[in-house]
1. Please enumerate the residues belonging to region C:60-87 that are closer than 25 Å to C:ILE138 by Cα, assigned to a helix (DSSP H, G or I) and among the aliphatic types (A, V, I, L, M).
2. Is it the case that some residue within region A:216-239 is under 19 Å from A:ARG340 (Cβ atoms) and assigned to a loop (DSSP other than H, G, I, E, B)?
3. Can you pull out every residue in region A:314-343 that is in a strand (DSSP E or B), within 17 Å of A:LEU205 (Cβ to Cβ) and acidic (Asp, Glu)?
4. Any residue in region B:275-288 that is closer than 21 Å to B:SER211 by Cβ and either crowded, with 24+ Cβ neighbours inside 10 Å or touching a residue at least 60 places away in the same chain (Cβ under 8 Å) (or both)?
5. Hey, could you check region A:87-122 for residues that are small (Gly, Ala, Ser) and in contact with a Ser or Thr (Cβ under 9 Å, 6 or more places away or on another chain) and say which is modelled with the highest pLDDT?
6. What number of residues within region C:138-151 satisfy the criterion of being facing chain B (nearest Cβ under 9 Å) and either closer than 19 Å to C:HIS72 by Cβ or under 20 Å from the mean Cα position of the chain (by Cα) (or both)?
7. If C:ALA55 meets every condition in (1) surrounded by fewer than 22 Cβ atoms within 10 Å (Cβ to Cβ); (2) within 21 Å of C:LEU11 (Cβ to Cβ); (3) in contact with a strand residue (DSSP E or B) (Cβ under 8 Å, 6 or more places away or on another chain) apart from one, which number is that one?
Amino acid sequence: MRIPRLGLSEAGGRILAWHKREGDPVEVGDVLLELETDKASVEVTAATAGYLGRIAAPEGAVVESGAVVAWITASPDEQVHAGRPSPGPEAPAVSPSPHQGATSGWVRASPYARRRAAELGIALAGVTGSGPGGRVVARDVERLARGSTAGRWREAVARRLQATVEAPEFWVTRTMEVARWIAPLAQHPQVTWTDLFLQALAVSLPAGSPLRPQPRSPSGLQVGLAVATDQGLLLPVLALPSDLPLEAIAERRKALLARARRGQLQDGDLGEPELVFSNLGMFGVDRFMALRDPSAPVAVAVGRVGEGVRVEGGAIRATWLVEVTATVDHRVADGAEAARFLQQVARYLEQGEGARWSQG
Amino acid sequence: MADWTYAEALREGLRDAMAEDPRVIVLGEDVAYGGPFGVTRGLKEAFGSERVRNTPISEAAVVGFATGAALAGYRPVVEVMFMDFLTLTLDMLVNQAAKYRYLAQDRLRVPLVVRTQAGVLQSAGAHHSQSFESWLVHVPGISVLAPSTAGDAYQAIRWALRQPDPVVVMEHKALYGRRTVREPAEDVAAGWAPRATRRRAGQDATVVSYSAMVYTALEAAERLAREGVEVEVWDLVGLSDSVMDLGLVAEAVQRTHRVLVVHEAVRTGGFGAEVAARLQELAFDGLDAPIERLGAKASPVPFSPPLEKAYLPSVEDVCQAVRDLMA
Amino acid sequence: MEQTTDQAEWLQRYRLMYLIRTFEETVARLVRQGEVPGFVHLSMGQEASAVGVMAALGPADVVYSGHRAHGHLLARGADPLAVLAEILGKRDGLGGGRGGSMHLIDPGVGFWGATGVVGGTIPLALGTAWARRESGGIAVVFFGDGASTTGIFHESLNLAALWSLPVLFCCENNGYAEFSARAEQSPVAYASRFAEPYGIATARVDGTELWTVIRQAQAAVQAVREGRPFFLELEVVRLAGHYEGDVQTYRSAEEREQARSRDPVWRARQGLLDSGISEGEVAQVEEEVKRQMRAVEDQALAMQWPEPAAG
């Protein structure tokens, strides 16, 4: 039983909890453990049925993807050799937690790890050692420090910010008229402006368009949703086929957000986004620029939907407007291509044949 | 001269010192004929047999003689042909030469230099291959140098012949023919002092060595670099308390957090233990792993080539030790 | 009675011998009183050897000794107070308390060192003799007959002969090497015999008779100054044990009584009286020396201990 490769993350994560105990029967798909990764907490499910044999990585252990964290045996009493296998692909990537030997209160730790723990305000007793014999070494403390104070996501955010800052970017903003959606949305309270914008984006970025030259998944546009949670900003991915009805978008989005807020994102929720979507309209923000994910060539930021005026043929009329801003990786597309993308979105919202509803 | 060998550098060091100072004399078995490694070749022709003295096979008496001459103001350089034979001189070195300055409260000094030659090479066997530096550094009053480059070999001789107290220069038979680029600065003897020198930079681990093992460490570092591990290699040059300063090495440890000490001498009781102890004193809270030591197997030096090869730390041994440190 | 020049010199030699004897008796008593740290080797019975050889030397000559060196150092002219202070481990001792009885060094009087290792200074004398060959000085090394079975002794004889070094080997043969009689140590009856095959000139003399020692030493030193080694074997007696406190269970009472009859100090005293120096003059010298040693003892005991050096 290994830690699967989790979306973007090669780095694995920290085991928050085991949901099964040694000896428990295991069915395919059973949630075995919760793992805190760069981005979020993820439930890791069993790929084979059997019995949970020896757990090699206890709660709190930091494990790499590909690491053996437990053995699933065919019978409940099958022995799993307990020694640490010789280093190689079959070896558990983590050693027993110092907790197990910590009855004396002494944590096996390198002097440098102790210094780093003191500097970072980390209690050594809470650190799982990945060094020889389960010794806590500096990297364990530093990894936990990144996770314990702000969650591993902060490290990820910082890394991504750094990556995007280093890329050439530009921004394109277009004001769009959305008055025709006031009434339908009022009739479908489960559907929000976000769902509408998501559908507009899915329709406006067909595979092969300049900002989406190579589709990453047959399941549709991979939209990263910036989600504010208790743990901070997360970026789960929603797969959006261009023909998905608004109600379905709303349903999937809400389920994803719920998992994100509960810290229970699944493997499929953590893919590489093709577009990052962020809506701060509910906070009264008129216009902002969203950060891209390094994997996404474009981020779309939507502000407040509000009343405004348009002048047409010298006549002023009141209407509902929203400002949509695209942050674009200049290495992928140029300004005209970005402008055409926003033009497509505007055309869908302002002139399209209408939303795809599942009914009526 | 664009480059020179280790042996040539030693010879030039002796030649320059003898030309500058008539009190410098050279003694040893066959030194007037150049010695078995040719280090003293030509010195008798240049300075005469009174100053370049062939001695009988009486290592103890010769070092004692040199001690007595040094007490009287000469600067004798004794060549002890193999470090294995240094055992025969230890009473003179340890009980006489090393003690005089202290017991006489500086009123008598022993500016004695002993050149000797250690190390495993080409099946020299159990009595012609050993490295005993840890015995010597254990004795206060003796300075011990173990240069690894031609430049340092030259400077070690010049430096040793400026000291007022006994110095043992530990040469290595595998280095005599090693040719290195001659730096112009090496012509200037003044100002040089034995100090730990960084031979290669790296941020992942620090390997501390001296004498011929420096080259094994450097070769290992190149191999490790191909694996993505960058190793810093330090050459101690000076080993005894009087000349060893591990301050810079300790700073390196604070960067790399991992240390391996490599030497040719047997590991148990070897000089690496002293280095390890000092580095943990100086940089304890910078260590992310126990300091590792690599030395020869706990065995007399074997004769047969495959046995001899297995006896010494190899490049791969160094690589594996570093990999273990990184675990 | 008017003293002759010779008589004045003899009295002076006797004063030195008597000083050495009194000095060592004082040391022996201080050992019994627990005032002396470490090991002490007394040279009672070797005073004529020490004083007689030194009488033949000049100020440019260098003397080395072994572990039984008090007499050689005093005979060479060292300050008894500095020597006693060193034996007591005091700060103002000859070596600042660093060496003690076995490691006495006084370059000021050309005494370049005792040693705790038997035979350890023999090759040093060779090197010093060579180094000072042009200054006109020679090197002298004292050692016991026990040293003659060491390797360094033989290496040194060979080298001294090979290189014609101006060194005087002075072997004080007291018949004992540490605790064992000569016969248990070597089948060669006398140490000087070892020198013969190397072609080194030798002399074996009664080392308890001051005037004999002086005459033989002068001849030996003359030979050495001409540029070749000389081996002088001085047959002495050991009136004390190997070290102070040694109960000498290995020596019979009869033998010890016989040794006393060869006491060099007693023999020198008899010689003075035979030469016409009065009992009163001799007794006055003895009284002066005793007074001197009492003062030296008081001063030495009152001296400060050395401070351990920082670091």
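The values are calculated or read from the model by the stated rules, or taken from the named source; none is laboratory data. Computed from a prediction, not measured in an experiment: that's the story for all the values here. For neighbour counting, all protein chains shown are included, and Cβ atoms are generated from backbone atoms with ideal geometry for every residue, glycine included.
1. Within region C:60-87, C:LEU73, C:LEU74, C:ALA75, C:VAL83 meet the criteria.
2. Quick first cut of region A:216-239, residues under 19 Å from A:ARG340 (Cβ atoms) only: A:221.
Now restrict to residues that are assigned to a loop (DSSP other than H, G, I, E, B): none.
No, region A:216-239 has no match at all.
3. A:ASP329
4. yes
5. First pass over region A:87-122, keeping only residues small (Gly, Ala, Ser): A:88, A:91, A:93, A:95, A:97, A:101-102, A:104-105, A:109-110, A:113, A:117-118, A:121.
Going one step further and asking which of them are in contact with a Ser or Thr (Cβ under 9 Å, 6 or more places away or on another chain), we end up with A:93, A:95, A:97, A:121.
On the way: A:ALA93: 38, A:SER95: 36, A:SER97: 39, A:GLY121: 80.
For region A:87-122, the residue satisfying everything is A:GLY121.
6. Going through region C:138-151 one residue at a time, the tally reaches 1.
7. So C:ALA55 meets the others, but not (3).
One line per residue, one yes/no per condition, for (1) within 11 Å of chain B (Cβ to nearest Cβ); (2) within 19 Å of B:ALA72 (Cβ to Cβ); (3) not in a helix (DSSP H, G or I):
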position: C:LEU124; (1), (2), (3): yes, yes, no
position: C:THR128; (1), (2), (3): yes, yes, no
position: C:ARG133; (1), (2), (3): yes, yes, yes
position: C:HIS154; (1), (2), (3): yes, no, no
position: C:LEU157; (1), (2), (3): yes, no, no
